[in-house]
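The structure appears right after this line, and notes come after that.
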Amino acid sequence: MMAAWNKFGFKSAHICKMLLGTFLILGSFKLGFIGKLLTTHSQPVLHEETRELQPARDVSSYTVALQKNKCTCPSNQKKLTVYNLKEYLAPGDLESALDRRKIEYEHYKKWEHTENILITPPNSPLGYPIYGVQVMPLNTINLPGLRIIANLPKYMVSLKASLGTLDFLINISSTSECQVHGKGEKHLTISTSNISVLNLILKSITYTSTVYSIDSLDIVKFTLGEHIAQIPISIRQPPIPRLHDPGRERKISDLVTITTKTFLRYDKLRTMLRSIRQFYPDMKVIVADDNETPEKIDDPNVEQYIMPFAKGWFAGRNLAMSQVTTKYFLWVDDDFLFTSDTKIEKLVDVLEATDLDLVGGNVAGNHFSFKLILEEGGDDGDCLHWKGGGYHTIPGFPNCILTGGVVNFFLAHTNRILGVGFDPKLSRVAHTEFFIDALGRLKVGSCSHVSIGHQEKEKEGKLNIKYNSFRENTAEQQKFKLGLLYFKNRLGCFTKH
């Protein structure tokens, strides 16, 4: 330790004097001065060259970014598409939309809260839990780890809660040597000269939640003289598990349902269904169908749901997914083609062995994935950056990477995806928008060792021309989607690399 201190500029003589002075003072003075001593930092003696230290050049930009703490929409650059999203709102609606969005964002923050940052004070004589204490609403728990480590003539300890009451489990009567006030109340105080009795009481302290909430945080203040600790207690109602029974044989058809949406392409759909039956003859397929003139699909393992004409892409996804009763569902487009490399079992293995919620494969050799990087902004909104690729390889699966979004061929955990859903406002080409909504809620992977084929595209024909007229994004549709990102996702800027 001496060598480490000397590295930062302490001299041996200074260290000895500091330690000797500290021990003498601790043995001679009372609590008030000791409290000040333990929370006061001695100033180290610095070498002359240490005073001249400057930040490294390669971190200066990060320092500036931390000080600024607000993203701005960059100008258009080479290979970078920039969308300043407020430009896509209806004319004259910017000021009103900004006010409405601010109100909605404040409401959102009330239930999508983040935890406070708690920093443990140095040299504290308080022992206490700093993380992981959880109680169900209106229930009681023992508050673990409470103790005092100090040699003092008198101890005055206080615990104060906001959303619960404090008590202890041992029988003790107040005497001149030990006084307790506030038993069973929000504010509990203990005064004693016997540290053994004090720590015995602290070891038996209980916390009882008095406010019903499915997700709240109480900060219990724990004090000894001038020393203050903050103990976070999570008041949380654990959700009831929703388990899927795969059956004794654990057949793939009892674990996975295939889902798709079809529009103006019954020939493509029937071709895909025939390819599915070559490899998965009894697997259920759910088809969301928004054709103007529906045609019945004759397959005992196909459930066909008819929607209003041209209702849209994400509405169809929502409908198909809502009818899944298996643990997982596999999403495919209606013009895909199952091959000998379309091994759904391999994707199941990935989800079963990891904490991923969704894993994609590759389509006709295209192993496509992308990252979504969020940068915090100010009142104008945050900045979201779309970049191709992934973050890193998934342990145990060398052909899989962790990423932010994948192609339209993916296996997903049904219950987890239901918690995000597909925005039915997006009726035409929409894909990235789902992964934007899922950012921070779903863990996404992409694997190259499972693939699906793609049927040849038809460039001619009246039906194909009509299909493309519905599929292609119009300028108005694109403007609507970007405006939706501005309000719903509170984004000010969206870039694509």
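Accessible area per residue for segment 345-437 in Å², computed with a 1.4 Å probe and the full protein assembly in place, what is it?
Value returned for segment 345-437: 39 Å² of accessible area per residue.
Spin-label pair I195-I297: with each label point 7 Å from Cα along the Cα-Cβ axis, the two points sit 7.4 nm from one another.
Annotation: per residue accessible area for segment 128-175 equals 58 Å², rounded to a whole number [probe 1.4 Å, protein chains only]. The residues W331, W386, W313, sorted by heavy-atom accessible surface at 1.4 Å with ligands and nucleic acids left out, run W313, W386, W331 from largest to smallest.
In the context of the full protein assembly, R236 retains an accessible surface of approximately 80 Å², using a probe radius of 1.4 Å and ignoring ligands and nucleic acids. Think of segment 266-374 as having a plus end and a minus end, set by charges on the Cβ of Lys, Arg, Asp and Glu; of S340, L351, L319, L351 sits farthest toward the positive end of this dipole.
By a 1.4 Å probe calculation restricted to protein chains, L264 has an accessible surface near 20 Å², given to the nearest 10. Contact order for segment 146-208, expressed relative to its length and based on alpha carbon pairs under 8 Å spaced 6+ residues apart, stands at 45 percent.
Taking every C-alpha pair closer than 8 Å and separated by at least 6 residues, the mean separation divided by the residue count of segment 298-404 gives a relative contact order of 13 percent.
Under 20 Å of direct C-alpha separation, and excluding same-chain neighbours fewer than eight residues apart, K327 reaches these aspartates and glutamates: D245, E249, D254, D282, E303, E345, D349, E352, D355, D357. Determine, from the Cβ-Cβ distance of Q478 and K78 and an R0 of 22 Å, the FRET efficiency 1/(1 + (r/R0)^6), rounded to the nearest 0.05. The formula returns an efficiency of 0.50 here. Stretching the chain fully between K221 and A364 yields a gain of 45.5 nm (0.36 nm per residue, less the alpha carbon separation). Once the Cβ-Cβ distance of H181 and E106 is raised to the sixth power relative to R0 = 45 Å, the FRET efficiency obtained is 0.70. Remark: spin-label model distance N399-M136 equals 4.4 nm, labels positioned 7 Å along the Cα→Cβ axis.
Surface exposure of segment 198-323, expressed per residue as accessible area with a 1.4 Å probe, stands at 49 Å². In a DSSP loop and with at most 12 other Cβ atoms within 10 Å, the GluC sites (Glu not before Pro) in segment 342-396 are E376. Extension gain for R248 to E376 (0.36 nm times residue separation, less C-alpha to C-alpha distance): 41.2 nm. Put a dot 7 Å past the Cα of E456, heading toward its Cβ, do the same for N415, and the two dots end up 4.6 nm apart. Accessible-area rank, largest first, for Y105, Y131, Y486: Y131, Y105, Y486, with all protein chains present and a 1.4 angstrom probe.
For segment 480-497, 3J(HN,Hα) computed residue by residue from phi via the Karplus equation (6.51, -1.76, 1.60; θ = phi - 60°) reads 5, 5, 5, x, 5, 4, 4, 8, 5, 9, 6, 9, x, 8, 9, 10, 10, 9 Hz, glycine and proline entered as x.
Computing FRET efficiency as 1/(1 + (r/R0)^6) for T325 and D349, where r is the C-beta to C-beta distance and R0 is 22 Å, gives about 0.55. Using 28 Å as the Cα-Cα cut-off, could you pick out the over-long pairs in K343/K425; K284/K311; K78/K346; K443/K481? Distance filter (> 28 Å) returns K343/K425; K78/K346.
The values are calculated or read from the model by the stated rules, or taken from the named source; none is laboratory data. These numbers come from a predicted model, not from an experiment. All Cβ positions, even for glycine, are placed from backbone atoms using ideal geometry, and neighbour counts span all protein chains on display. With ligands, DNA and RNA removed, areas are computed over all heavy atoms of the protein, side chains included. Shrake-Rupley method; radii C 1.70, N 1.55, O 1.52, S 1.80 Å.
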